[in-house]
Amino acid sequence: MTKYIIRRLLQAIPVIFLISIVCFVLMLMAPGGPQAQFNQNRFIKPEQVDLWLQHWCLVRNPSPPDMIKEYAGWLGVWNCQTQSFISENGGLNFLPSFLGGGVNGMLHGDWGISIYLNQPVLDIILGRLPVTLLLMVTAWIIWLTLALILGVVAAIRRYSFFDQAATLFSYTFYSLPTFWLGLMLIEIFAVTLHWFPSQLIQSPRISPGPFASAVWWQAFWTDPGLYGWDVAMHLVLPVTTLVAVSVAGDSRFVRSAMLESLNQDYVRTARAKGLSERRVIFRHAFRNALLPIITNGALEVAFLFSGAIVTETIFSLQGMGYLYIQGLQAHDYFLLMGIVFIGAILVVVFNLVADVLYAVADPRIRYD
């Protein structure tokens, strides 16, 4: 298993590399270019914009050779100052700085400067990531738990009242747009009933600073109940928005996988041997039905990361999704590339996680 994981990690390197190339080319094709934000500021001279573009290995109208240099500079292979593969320290630029390499580019932790927020992109992402992670993890746990329960029970009690009700629930909520459901929840439970807050991840009058910052954690440990409850109340509506739509589709997926497993010969054999129905269902049928469920559940993590864009925007959660919309509106070149790159890494990593979990769920699967 260890050799397999190492081999998959090595195979993931060229995959991430190719994904980064595709993302970079698509970003270059976007209208405006990285200097679009500066073009709207009459106090910045064209010469200053040119110097900024040169600093980051960028040009206004890149040709194919320029695009290669731009990508190499963004990745950290090409040095924008020396205009070569050699760093200021005299070594190859892609090497770590302590080996004479450079300091610019993604490989060295330099993800560029956000034009919109005027801060290092990596610092901005790390500051907004806790909100998205909290939303994703909470929604994913509730989502997967409900989908498994609804799907398994509906498969066991096929064509029963519960199965029909679960089917009605699935078709109804699966057809609802995420943005519409979120707005309806705000209108009903925040505006009309005043049960839950409609925006942000915390109450400004309670919180001393941004969520998960050093100041916030210091205040949190003085009164965990107050700050924890405040965050939990703010999470109810956005988590419900993500979970309601997603559970509707995944519960049908679980039901289908479970029904297929219940109709297999080994299940009938287990029942013929006199095993209890509980053991037949959970020890034999459910365990074999887990393989497609694991695949779907792992890929849903990447969906949550992208799906949080709409949810965070509706509820003004200062996370990665909300940050992406801000960067998109401001033509923030480096910020968008950083967020897209993280999303690509999530897809690759959780595909590996799914493959590893296959062997845990099914003892017949072995990786040499």
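The values are calculated or read from the model by the stated rules, or taken from the named source; none is laboratory data. As the structure is a prediction and not an experimental result, all values here were calculated from the model. Every residue, glycine as well, gets a Cβ built from its backbone with ideal geometry; the counts of neighbours run over all protein chains shown.
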Q: Output yes when any residue across segment 197-206 is in a helix (DSSP H, G or I) and either more than 20 Å from residue 138 (Cβ to Cβ) or of a type in the set (Ser, Thr, Tyr) (or both), and no when none is.
A: no
Q. Any idea which of (1) touching a helix residue (DSSP H, G or I) at 6+ places or on another chain (Cβ under 7 Å); (2) in contact (Cβ under 8 Å) with a residue 60 or more places away in the chain; (3) under 17 Å from residue 311 (Cα atoms) is the one residue 199 doesn't satisfy?
A. (1)
Q. In segment 130-182, what residues are more than 30 Å from residue 263 (Cα to Cα), among the aromatic types (Phe, Trp, Tyr) and free of Cβ contacts under 8 Å to residues at least 40 places away in the same chain?
A. 180
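Can you pull out the residues in segment 190-231 that are among the charged types (D, E, K, R) and more than 25 Å from the chain's Cα centre (by Cα)?
Across segment 190-231, the qualifying residues are 205, 223.
Condition check ((1) at pLDDT below 80; (2) touching a Pro at 6+ places or on another chain (Cβ under 9 Å); (3) within 19 Å of residue 339 (Cβ to Cβ)) across all residues:
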site: 19; (1), (2), (3): no, no, yes
site: 22; (1), (2), (3): no, no, yes
site: 26; (1), (2), (3): yes, no, yes
site: 30; (1), (2), (3): yes, no, yes
site: 49; (1), (2), (3): no, no, no
site: 64; (1), (2), (3): yes, no, no
Q.
Name the single residue that is nearest to the chain's Cα centre (by Cα) among those in segment 98-116 being assigned to a helix (DSSP H, G or I) and among the aliphatic types (A, V, I, L, M).
A. 106
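Every residue in segment 112-129 that is touching a residue at least 40 places away in the same chain (Cβ under 8 Å) and either assigned by TED's automatic domain parsing to the domain that holds residue 296 or out of contact with any Pro (no Cβ under 7 Å at 6 or more places or on another chain) (or both), please.
Answer for segment 112-129, where residues must be touching a residue at least 40 places away in the same chain (Cβ under 8 Å) and either assigned by TED's automatic domain parsing to the domain that holds residue 296 or out of contact with any Pro (no Cβ under 7 Å at 6 or more places or on another chain) (or both): 112, 114, 115, 116, 117, 121, 122, 124, 125, 127, 128, 129.
Any residue at all in segment 289-310 that's among the polar types (S, T, N, Q), farther than 28 Å from residue 266 by Cβ and in contact with a helix residue (DSSP H, G or I) (Cβ under 9 Å, 6 or more places away or on another chain)?
yes
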Q) Which fully enclosed helices (runs of 4 or more DSSP H) of segment 262-368 have 1 or more residues being buried (at least 17 other Cβ atoms within 10 Å of the Cβ) and of a type in the set (Ser, Thr, Tyr)? A) 286-314, 320-329, 333-361
(Q) Need pairs with beta-carbon distance below 6 Å; first residue of a type outside the set (Gly, Ala, Ser) and within segment 264-277, second in a helix (DSSP H, G or I); sequence gap 6+ or separate chains. (A) 267/284; 267/285; 271/280
Q. Any idea which of (1) of a type in the set (A, V, I, L, M); (2) closer than 21 Å to residue 110 by Cα; (3) surrounded by 15 or more Cβ atoms within 10 Å (Cβ to Cβ) is the one residue 51 doesn't satisfy?
A. (3)
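So, restricting to helices (runs of 4 or more DSSP H) that lie completely within segment 1-80, which ones have at least 3 residues that are under 29 Å from the mean Cα position of the chain (by Cα) and free of Cβ contacts under 8 Å to residues at least 60 places away in the same chain?
2-29, 64-75
Okay, residues lined up against (1) over 32 Å from the mean Cα position of the chain (by Cα); (2) part of a helix (DSSP H, G or I); (3) buried (at least 23 other Cβ atoms within 10 Å of the Cβ):
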position	(1), (2), (3)
118	no, no, no
122	no, yes, no
138	no, yes, no
145	no, yes, no
153	no, yes, no
159	yes, no, no
Q: Run residue 191 past the list (1) of a type outside the set (Gly, Ala, Ser); (2) surrounded by fewer than 13 Cβ atoms within 10 Å (Cβ to Cβ); (3) in a loop (DSSP other than H, G, I, E, B); (4) at pLDDT 85 or above and report the number of the one that doesn't hold.
A: (3)
